[in-house]
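Participant: Here it is: the structure, laid out below.
The values are calculated or read from the model by the stated rules, or taken from the named source; none is laboratory data. Predicted model only: the values in this text are computed from it and were never measured. Don't worry about glycine lacking a Cβ; one is built from the backbone with ideal geometry, like all the others, and counts go over all protein chains shown.
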Amino acid sequence: AQSVTQLGSHVSVSEGALVLLRCNYSSSVPPYLFWYVQYPNQGLQLLLKYTSAATLVKGINGFEAEFKKSETSFHLTKPSAHMSDAAEYFCAVSDRPGGGNKLTFGTGTQLKVEL
Amino acid sequence: NAGVTQTPKFQVLKTGQSMTLQCAQDMNHNSMYWYRQDPGMGLRLIYYSASEGTTDKGEVPNGYNVSRLNKREFSLRLESAAPSQTSVYFCASRGLAADTQYFGPGTRLTVL
């Protein structure tokens, strides 16, 4: 069984400040991990993914995440927030393709960026 | 490419009515998925189809049926809608041996 916990349903940062969105996972097998972003009234867009290669993963729009097996974490960061980053962010864990590649999502973190 | 498309975008039903949500992808993907999104609960898997001709239950299948019509299309049917099925429904697809799912724009369903 897999699960994802996202700490903080709402995070607010100032424009230019560091963005840190937390994600912890539980998985009985080596996980695939994903961060998706959802802008208002839109579908989900892939930000980045970890699939057992490099533990520091770079994604679109300046975001990156680090897989830490010892901490079962996959936190999302961006050095400098921009107003356009305001959105909801979802962390997800999947089983492997042989298991249907089913995604289990966290409950999401709404990011607000203030001037 | 259109990617993953969903119809309709919005729908309002009365309790007990039936309807089918349509999903199509033009990426030649083998696997397709239906999720529902509810406030504070993230997305939850309803049904999925690993390949044409197969379907399997996800986390919350009760009250839904699916049909994998062909490789491109995967529909979700509500036979007798209930207010608890008010939600935003997302379809997704994934290529063979790939690890990433691609999502459609969603259908916002309200059941009165």
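Participant: Residues that are under 21 Å from B:Phe103 (Cα atoms) and either in contact with a helix residue (DSSP H, G or I) (Cβ under 6 Å, 6 or more places away or on another chain) or surrounded by fewer than 21 Cβ atoms within 10 Å (Cβ to Cβ) (or both): does segment A:73-84 have at least one?
Facilitator: Checked segment A:73-84: at least one residue is under 21 Å from B:Phe103 (Cα atoms) and either in contact with a helix residue (DSSP H, G or I) (Cβ under 6 Å, 6 or more places away or on another chain) or surrounded by fewer than 21 Cβ atoms within 10 Å (Cβ to Cβ) (or both).
Participant: Taking A:Val29 as the residue in question, decide whether it is among the β-branched types (Val, Ile, Thr), more than 11 Å from chain B (Cβ to nearest Cβ) and over 20 Å from A:Glu88 (Cβ atoms).
Facilitator: For A:Val29, the condition - among the β-branched types (Val, Ile, Thr), more than 11 Å from chain B (Cβ to nearest Cβ) and over 20 Å from A:Glu88 (Cβ atoms) - is met.
Participant: Does at least one position in segment B:77-86 carry a residue that is modelled with pLDDT of 95 or more, in a strand (DSSP E or B) and within 14 Å of chain A (Cβ to nearest Cβ)?
Facilitator: No, segment B:77-86 contains no residue that is modelled with pLDDT of 95 or more, in a strand (DSSP E or B) and within 14 Å of chain A (Cβ to nearest Cβ).
Participant: Still on this structure: Just wondering, is there one or more residues in segment B:31-41 that are closer than 17 Å to B:Arg108 by Cα, of a type in the set (S, T, N, Q), within 13 Å of the chain's Cα centre (by Cα) and crowded, with 16+ Cβ neighbours inside 10 Å?
Facilitator: Among the residues of segment B:31-41, at least one is closer than 17 Å to B:Arg108 by Cα, of a type in the set (S, T, N, Q), within 13 Å of the chain's Cα centre (by Cα) and crowded, with 16+ Cβ neighbours inside 10 Å, which makes the answer yes.
Participant: Now for a different question. Does segment B:59-71 contain any residue that is within 30 Å of A:Ala53 (Cα to Cα) and either more than 10 Å from the chain's Cα centre (by Cα) or buried (at least 16 other Cβ atoms within 10 Å of the Cβ) (or both)? Full working, then the answer.
Facilitator: Within segment B:59-71, the subset within 30 Å of A:Ala53 (Cα to Cα) is B:59.
Within this subset, residues satisfying the condition of being either more than 10 Å from the chain's Cα centre (by Cα) or buried (at least 16 other Cβ atoms within 10 Å of the Cβ) (or both) are B:59.
Looking for residues that are within 30 Å of A:Ala53 (Cα to Cα) and either more than 10 Å from the chain's Cα centre (by Cα) or buried (at least 16 other Cβ atoms within 10 Å of the Cβ) (or both), one finds at least one in segment B:59-71, hence yes.
Participant: Would it be correct to say that A:Asn61 is in a helix (DSSP H, G or I) and either more than 14 Å from chain B (Cβ to nearest Cβ) or under 25 Å from B:Arg36 (Cα atoms) (or both)?
Facilitator: Answer is yes for this residue.
Participant: Looking at A:Val4, A:Val37, A:Val93, which is the one that is crowded, with 21+ Cβ neighbours inside 10 Å, within 10 Å of chain B (Cβ to nearest Cβ) and outside any helix (DSSP H, G or I)? Steps first, answer last, please.
Facilitator: Values: A:Val37 fails: within 10 Å of chain B (Cβ to nearest Cβ); A:Val93 fails: within 10 Å of chain B (Cβ to nearest Cβ).
Going through A:Val4, A:Val37, A:Val93 in turn, the sole match is A:Val4.
Participant: Which of the residues spanning segment A:44-58 are of a type outside the set (A, V, I, L, M) and within 11 Å of chain B (Cβ to nearest Cβ)?
Facilitator: A:Gln45, A:Lys49, A:Tyr50, A:Thr51, A:Ser52
Participant: I'd like to check something: does segment B:92-104 contain any residue that is under 18 Å from B:Gly16 (Cα atoms) and part of a strand (DSSP E or B)? Full working, then the answer.
Facilitator: Step one: list which residues in segment B:92-104 are under 18 Å from B:Gly16 (Cα atoms), which gives none.
For segment B:92-104, residues under 18 Å from B:Gly16 (Cα atoms) and part of a strand (DSSP E or B): absent.
Participant: Take A:Phe34 and tell me if it is at negative phi and touching a residue at least 40 places away in the same chain (Cβ under 8 Å). Can you show your working first?
Facilitator: Numbers: at negative phi: yes; touching a residue at least 40 places away in the same chain (Cβ under 8 Å): yes.
Yes; evaluated as a whole, the condition is true for this residue.
Participant: Continuing with this model, one more query. If you go through segment B:35-65, how many residues are outside any strand (DSSP E or B) and within 7 Å of chain A (Cβ to nearest Cβ)?
Facilitator: 4
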